[in-house]
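**Student:** One structure coming up, written as structure tokens, with questions to follow.
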Amino acid sequence: MNPAVLITCAINPPSGIKYLNLSDPTQRLITTKSSVYFWASIGIKKLLIVDSTSTSVLDENELETLKISGIDVEQITFQQKDESMIQKGKGYAEGKLIEFALNHSRILKSETSFFKSTGKVFCRNLPKIINLISTSEVKSIFWSLFEHGKFDTVDTRFFYASIEDCRTILLPIYDSLNETTIGKCIEETLPIYFDQLLIKGRSLRPQLSGFAGGHGKQWEETHLGDIENSFPCWFKK
């Protein structure tokens with residue numbers, strides 16, 4: 001299994017987006033570059049970087065360095081409408097970014113599935129996650145986000161999904177979301193849909209590091225004991 005990783009980012013977002021505190025473009029660029037080089041360093045050979053603010057994360061020298069290392073890097077950008085991002089929130093904006101990637105990426109045209117990672121985050125135990133997916137033969141898997149002692153939200157920072165499930169399940173949910181109107185972020189909204197559309201189960205937990213766009217701080221790295229190997233998730237075979 002040699003999966004592609006889709007890195008989503010908005011390096012230069014407009015001000016006023018609900019649930020987005022890490023808005024400084026320089027800090028967002030630095031943290032995103034860090035995640036790109038982490039994915040490259042652990043052996044990922046297909047990297048797709050998509051930015052929705054017409055900003056390139058890597059310059060030509062950086063792209064050449066990765067190419068010499070045997071990594072196929074694709075970098076595409078577009079300019080999302082600022083008013084839509086501000087009005088509907090970061091969840092709606094990310095949905096449009098994923099949709100753009102599916103419709104325009106050279107790498108994804110030859111893939112049936114992929115990992116999606118928010119640009120400022122990386123998965124430390126990715127080889128174990130890949131083995132889990134391969135042996136379980138799941139088409140898509142989304143994990144819970146453990147915060148404040150609860151498992152009642154979906155972690156949108158990192159997931160694995162088939163192209164088909166993205167188009168038929170995930171994107172319609174993102175597209176219908178208006179975080180400003182309903183007063184809930186995408187992480188709180190997805191469980192309502194996933195409980196009906198996917199299978200609830202437990203699996204190995206992805207160990208994620210990096211920075212949060214929402215609260216603007218470094219993610220706290222915690223160990224949950226036995227729960228690490230029996231972590232709530234939603235999946236599809």
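**Student:** Would you please name the residue that is farthest from Leu198 (Cα to Cα), looking only at residues in region 143-154 that are open to solvent by 10 Å² or more (accessible area, probe 1.4 Å) and in contact (Cβ under 8 Å) with a residue 12 or more places away in the chain?
**Tutor:** For region 143-154, the residue satisfying everything is Phe146.
**Student:** Would you be able to say whether some residue in region 64-73 is buried (at least 19 other Cβ atoms within 10 Å of the Cβ), modelled with pLDDT of 90 or more and in contact with a Phe, Trp or Tyr (Cβ under 7 Å, 6 or more places away or on another chain)?
**Tutor:** Checking region 64-73: not a single residue is buried (at least 19 other Cβ atoms within 10 Å of the Cβ), modelled with pLDDT of 90 or more and in contact with a Phe, Trp or Tyr (Cβ under 7 Å, 6 or more places away or on another chain).
**Student:** Another one. Could you tell me whether any residue of region 87-101 is assigned to a loop (DSSP other than H, G, I, E, B), at pLDDT 90 or above, closer than 21 Å to Ile141 by Cα and touching a Lys or Arg at 6+ places or on another chain (Cβ under 8 Å)?
**Tutor:** no
**Student:** Which one is modelled with the highest pLDDT, of the residues in region 184-237 that are aromatic (Phe, Trp, Tyr) and open to solvent by 60 Å² or more (accessible area, probe 1.4 Å)?
**Tutor:** Per the stated criteria, the residue is Tyr193.
**Student:** Scanning for something open to solvent by less than 40 Å² (accessible area, probe 1.4 Å), at pLDDT 85 or above and under 23 Å from Glu111 (Cβ atoms), does region 15-34 turn up at least one residue?
**Tutor:** yes
**Student:** Could we say that Ile107 is crowded, with 17+ Cβ neighbours inside 10 Å, touching a helix residue (DSSP H, G or I) at 6+ places or on another chain (Cβ under 7 Å), in contact (Cβ under 8 Å) with a residue 24 or more places away in the chain and not small (Gly, Ala, Ser) here?
**Tutor:** Against the criterion (crowded, with 17+ Cβ neighbours inside 10 Å, touching a helix residue (DSSP H, G or I) at 6+ places or on another chain (Cβ under 7 Å), in contact (Cβ under 8 Å) with a residue 24 or more places away in the chain and not small (Gly, Ala, Ser)), Ile107 does not qualify.
**Student:** Related question: Count, please, the residues in region 155-166 that happen to be at pLDDT 95 or above and either under 15 Å from Leu198 (Cβ atoms) or surrounded by 19 or more Cβ atoms within 10 Å (Cβ to Cβ) (or both).
**Tutor:** Residues in region 155-166 being at pLDDT 95 or above and either under 15 Å from Leu198 (Cβ atoms) or surrounded by 19 or more Cβ atoms within 10 Å (Cβ to Cβ) (or both): 8 in total.
The values are calculated or read from the model by the stated rules, or taken from the named source; none is laboratory data. In this text the structure is predicted, and so the values were computed from the model without any measurement. Methodologically, a virtual Cβ is constructed for each residue, glycine included, from the backbone with ideal geometry; neighbour enumeration extends over all protein chains shown. Side chains are part of the model used for accessible areas, which takes the heavy atoms of the whole protein and leaves out ligands, DNA and RNA. Shrake-Rupley method; radii C 1.70, N 1.55, O 1.52, S 1.80 Å.
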